[in-house]
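K.L.:
Before anything else, here's the structure in question.
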Amino acid sequence: MEKIKILVVEDEIILALGLKNKLENLGYVVTDIAASGGETLYKVSENKPDLIMMDIVHRGDMDGIETSAKFK
């Protein structure tokens, strides 16, 4: 069975790395970490994750809700 690929969106790097470590210990593949809405859109197009774990408040022009709306 293929492992689930997750993109972590969190602008606090310590939190992002901690979440990445926990997810990988649970058997998931973390494709990358993004810190802003624009970076998230780019990394989704590059990595095609199965799931995005996104902080609502992060740096950049778009918050997590606005970024999520771009995926419709």
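K.L.:
For the stretch 5-25, give me the residue count where each residue is among the aliphatic types (A, V, I, L, M), surrounded by 14 or more Cβ atoms within 10 Å (Cβ to Cβ) and not in a strand (DSSP E or B). Quick ask: steps written out before the conclusion?
P.N.:
Quick first cut of the stretch 5-25, residues among the aliphatic types (A, V, I, L, M) only: 6-9, 13-17, 19, 23.
So of that shortlist, the ones also surrounded by 14 or more Cβ atoms within 10 Å (Cβ to Cβ) come out as 6-9, 16-17, 19, 23.
Remaining after also requiring not in a strand (DSSP E or B): 16-17, 19, 23.
Here the count works out to 4.
K.L.:
For a quick check of your reading of the model, give me the residue pairs whose first member lies in the stretch 57-71 and is over 16 Å from ILE13 (Cα atoms) and in contact (Cβ under 8 Å) with a residue 24 or more places away in the chain, whose second is basic (Lys, Arg) and in a loop (DSSP other than H, G, I, E, B), with beta-carbon atoms closer than 9 Å and at least 6 apart or on different chains.
P.N.:
Listed by first residue and then by second, the contacts come to MET62/LYS70.
K.L.:
Could I ask something else about it? Considering each residue of the stretch 26-56, count those that are part of a strand (DSSP E or B), within 15 Å of ASP11 (Cα to Cα) and without any contact (Cβ under 8 Å) to a residue 40 or more places away in the chain, and give that number. Can you show your working first?
P.N.:
Going through the stretch 26-56, the residues part of a strand (DSSP E or B) turn out to be 29-34, 36, 51-54.
Filter once more, so that each one left must be within 15 Å of ASP11 (Cα to Cα): 32-34, 36, 52-54.
Right, trim to without any contact (Cβ under 8 Å) to a residue 40 or more places away in the chain and you get 32-34, 36.
Here the count works out to 4.
Coordinate-derived values only; no laboratory data. Please read all numbers here as calculations on a predicted model, not as lab measurements. So basically every Cβ, Gly included, is an ideal-geometry build from the backbone, and we count neighbours across all protein chains shown.
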